[in-house]
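The values are calculated or read from the model by the stated rules, or taken from the named source; none is laboratory data. It should be emphasised that the depicted structure is a prediction, and the values quoted were computed from it without experimental measurement. Cβ placement follows ideal geometry from the backbone for every residue including glycine, while neighbour counts extend to all protein chains displayed. Ligands, DNA and RNA are stripped out before the accessible areas are found, and what is left, the full protein with its side chains, is counted by its heavy atoms. Shrake-Rupley method; radii C 1.70, N 1.55, O 1.52, S 1.80 Å.
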Amino acid sequence: MKITGTFIDEISHDIPHQNWGEKEWDRDFAYMRAIGIDTVIMIRSGYRKFITYPSTYLIDKYGCYKPTTDLVELYLRLADKYGMKFYFGLYDSGIYWDTGNLQHEIDANQYVIEEVWAKYGHYKSFGGWYISTEISRKTKGATEAFRTLGLQCKTVSNGLPTFISPWIDGKKAVMASSAQLSKEEAVSVREHEQEWGEIFSGISGAIDAVAFQDGHIDYHELPAFFEINKKLADKYGMECWTNAESFDRDMPIKFFPIKFDKLRLKLEAAARAGYDKAITFEFSHFMSPQSAYLQAGHLYNRYKEYLQTLNF
Amino acid sequence: MKITGTFIDEISHDIPHQNWGEKEWDRDFAYMRAIGIDTVIMIRSGYRKFITYPSTYLIDKYGCYKPTTDLVELYLRLADKYGMKFYFGLYDSGIYWDTGNLQHEIDANQYVIEEVWAKYGHYKSFGGWYISTEISRKTKGATEAFRTLGLQCKTVSNGLPTFISPWIDGKKAVMASSAQLSKEEAVSVREHEQEWGEIFSGISGAIDAVAFQDGHIDYHELPAFFEINKKLADKYGMECWTNAESFDRDMPIKFFPIKFDKLRLKLEAAARAGYDKAITFEFSHFMSPQSAYLQAGHLYNRYKEYLQTLNF
Amino acid sequence: MKITGTFIDEISHDIPHQNWGEKEWDRDFAYMRAIGIDTVIMIRSGYRKFITYPSTYLIDKYGCYKPTTDLVELYLRLADKYGMKFYFGLYDSGIYWDTGNLQHEIDANQYVIEEVWAKYGHYKSFGGWYISTEISRKTKGATEAFRTLGLQCKTVSNGLPTFISPWIDGKKAVMASSAQLSKEEAVSVREHEQEWGEIFSGISGAIDAVAFQDGHIDYHELPAFFEINKKLADKYGMECWTNAESFDRDMPIKFFPIKFDKLRLKLEAAARAGYDKAITFEFSHFMSPQSAYLQAGHLYNRYKEYLQTLNF
């Protein structure tokens, strides 16, 4: 299974920033393209007061800081140049995390979606929307919010595709700021199927693809969960993607590039489950030859060798 | 606001050592000089048994280990070469942290100050003293100790300037070894003003500048705290510097280079508050083109581009 | 005291993988050889389902994943090329850590040892065995297990040497996944001597060398513990090696290369105690010029300069 998409981690929650300028981003898109990546997803357009483009709305309404560089414009320009699709990740006000109330995310993004489409919708590479609020099975009210946000995106953009990337509430689903590596109460395959069946039923028609993060369960659990995910996606008319995490959740350093064989195991499990597409979180820190983490460049080389064995 | 000074983190508490030799240090001073840094501050001359210069006193009295290289001599020589001022950071016996008793720091440093001045005071670049015991508002007895240590330094060295770099007891004031990123009980602006007013009153005349660390409060809180700091410094006849931290306190990896826009926001807040000077903790790990953290070199480039927009 | 051996950290518990291919490993063996390393020790041949060579037995019996590369074959080939000895680290099923039962480790390794000897025993560089289950004084049943495993290795391989690398239950003996840096209840020198005397008495004849990890105690405690270790090793007819950790246990980032002077202090303490050999955990991440941690390359240079002062 070949990775054909990657997140771009702007604004980051937990991965230190690389401080790249245009030259480095241009080179990174070239590295991506060289291994067959045709889709880039900006993970979020903003988080609390930090934003990726000079949004009049967010600066006025949420007191956001004007960024030095308009990254949305930069990424769209580069996606045009390299013949890739760009997905825009919605704004995360942080209010939901503080209060449990999702209404703010819906309201803020109604404006953001319109603003962004008016400003950047003409770019050839503008290819879709990423509903960035990460959820898991326990997130109350998420279904309705995802449905609303997905429909807003599609309505404004003449039906451009939308996707989400939730996590499986597995044993490695612990906070990044925690020193723990795993937890006791992990969801069973049965619970996962039942709860996500309900969620998929609610978002069907508003969300076109679901890309479960693949790093919260153990490697031998992948087949069982992947089979359910694919079955549910088929049933509710969604594409089933895998979000193949290219960082290692098993190490006390949070987070460094993954060992190649772990990535391979996850991709092979997705292939066997008949998944439609593989994306990764994320190329620029964890797989790029110019990453500040030099392990990433070696992962790039190992991955390229692997592609050759598959005759890609 | 241009950064014109940097700490040198020897001996480090919490930032892994880069193991540089003279060649790397020489090159780093050149990189510093190229962006306008005219002041280097050795953060401490020793911590417990590890020391930066072969101190007869500390080896005999505290069982310190003789260092392979005399870093004080090296830094002074390089500061001479590059036309910079060198500030000497006092010794930290660790006893205060274990017992709450500051008397040991005062006694030990009385000898250290004399020894160092006798040994290195002739260097042209020897420009001042850094009272290295980091304190915050809750540190009992600190005022008197700071006064005593500052006066010792000035007396021995014919009045060379002294400074301190305390932290604001804000929500990010958590232990580096903690997995937490923030805490609930943060000091209010009013408490900060009242308590630091008392401390400044006590150290006035013995300490010439105060450089609050800028990383323990949130970005939108900077203006309020900076205004107080400047007002207090003016009132008590001290220079008001900012210690612009160039590492990121918001990430689970402790600590990596900061995202450029965060650094910019902090420098701009200091400029607006009329601060006298900006120093950083610290150049060599977090802003240097030869740092082991490659994000640092990119931060250097982003910062240089920023200086150009300011017409520095 | 010169470092003449290094672990190779495959499969790693807590150090992120560098994703090296044959080219990088070949170059690393050359770097090792250049500073006098004549012994490489593969720390374990597998941990739970991840293994270093395509073991028919482990894949069938423990559901292990077939590795992309046969690392045992690669390391033996390179050890042959560079004239080094290769020690094979036993398999760790993880069952002991989950259940406290060591019998699984004994049973699994009986097969592993035979399989490995049949497959790789003809390599000239196959020089010994590393009993990889790390223990400390509190590990119940360890003595008998170590004895059994050591004798299995020696019987199969016509008496090739065996060694262990336990840790001292000192104040820095905390979990890597913990945010803590030290603990209160550390073993005293007396307890250490008494308890390890019992263990050594039990393993004498089955284990040829013991290489205590040197990083769990404070630097000033090294002489007292090292003296005991050497005395015990002499008494029970074992070689006394030091496992000089080249990563820094004192930093919140777990784990980065150690400050050179710390490594020097530990090596000098081992030399003074009359130790027989120094190995390190481990060269490729923490001392190699091509490590992803650039501090490691500088440590390599500082160490080389140090060797010159010793006239090695």
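Here are a few things to note about the model shown:
- Heavy-atom accessible area with a 1.4 Å probe sorts A:THR242, C:THR4, largest first, into C:THR4, A:THR242.
- With label points set 7 Å from Cα along Cα→Cβ, the inter-copy distances at C:LYS235 are 6.8, 6.8 nm, sorted shortest first.
- Compactness relative to 2.2 N^0.38 Å, alpha carbon Rg of segment C:1-140: 1.05
- Treating r as the C-beta distance of A:GLU73 and C:ASP60 and R0 as 51 Å, the FRET efficiency rounds to 0.35.
- For A:SER188, the accessible area of its heavy atoms, probed at 1.4 Å with every protein chain present, is near 50 square angstrom.
- For the protein assembly as shown, the share of accessible area belonging to carbon and sulfur comes to 50 percent (1.4 Å probe, ligands and nucleic acids excluded).
- Among B:TRP25, B:GLY5, B:GLY36 - extreme Cα towards positive end, dipole of segment B:1-54, charges at beta-carbon: B:GLY5
- Inter-probe distance in nm under a simple model that places probes 7 Å from Cα toward Cβ, at C:LYS304 and B:TYR111: 3.9 nm
- Chain A: antiparallel DSSP beta bridges as a percent of all, rounded to 5: 10 percent
- Compactness ratio for segment B:168-299: Cα radius of gyration over 2.2 N^0.38 Å (N = residue count) comes to 1.08.
- With coordinates expressed along the principal axes, the C-alpha atoms belonging to the protein assembly as shown extend over 82, 78, 42 Å, beginning with the largest.
- Given +1 at the Cβ of Lys and Arg, -1 at the Cβ of Asp and Glu and no other charges, the dipole of chain C around its Cα centre is 480 debye to the nearest 20.
- Annotation: extensible slack from C:VAL189 through C:GLU24 equals 55.2 nm (criterion: 0.36 nm per residue apart, minus Cα-Cα distance).
- Under the simplified labelling scheme, the C:ALA176-C:HIS220 pair shows an inter-label distance of 3.0 nm, with each label point 7 Å from Cα along Cα→Cβ.
- Surface exposure of the protein assembly as shown, expressed per residue as accessible area with a 1.4 Å probe, stands at 35 Å².
- 7 Å along Cα→Cβ, label-point gaps from A:GLY100 to other copies, nm, shortest first: 3.9, 4.0
- In chain A, helical runs assigned H by DSSP with n ≥ 4 each contribute -39500 (n - 2.57); averaged across all residues and rounded to the nearest 500, the mean residue ellipticity at 222 nm is -13000 deg cm²/dmol.
- Projected-area mean, chain C, by convex hull of Cα positions, square nanometres: 14.6 nm²
- Label 7 Å beyond Cα on the Cβ vector: B:GLY141 copy-to-copy distances, nm: 5.2, 5.3
- Area hidden from solvent between C and A (accessible, protein heavy atoms only, 1.4 Å, total, Å²): 2100 Å²
- Nearest beta-carbon to the C/B symmetry axis - residue in chain C, distance in Å: C:ALA179, 2
- Under-5 Å amide H pairs with B:LYS259, H placed in peptide plane, nonlocal only: A:HIS17
- Whole-angstrom Cα spans of segment A:79-204 along principal axes, big to small: 48, 31, 28
- Cα centroid separation, segment C:244-284 to segment B:212-242: 42 Å.
- Cα centroid of segment C:114-133 to Cα centroid of segment A:50-81, whole Å: 58 Å
- Each of C:ALA244, C:GLN180, C:SER288 was scored by the projection of its Cα onto the charge dipole of segment C:168-312, and the greatest displacement toward the positive side belongs to C:SER288; charges sit on the C-beta of Lys, Arg, Asp and Glu.
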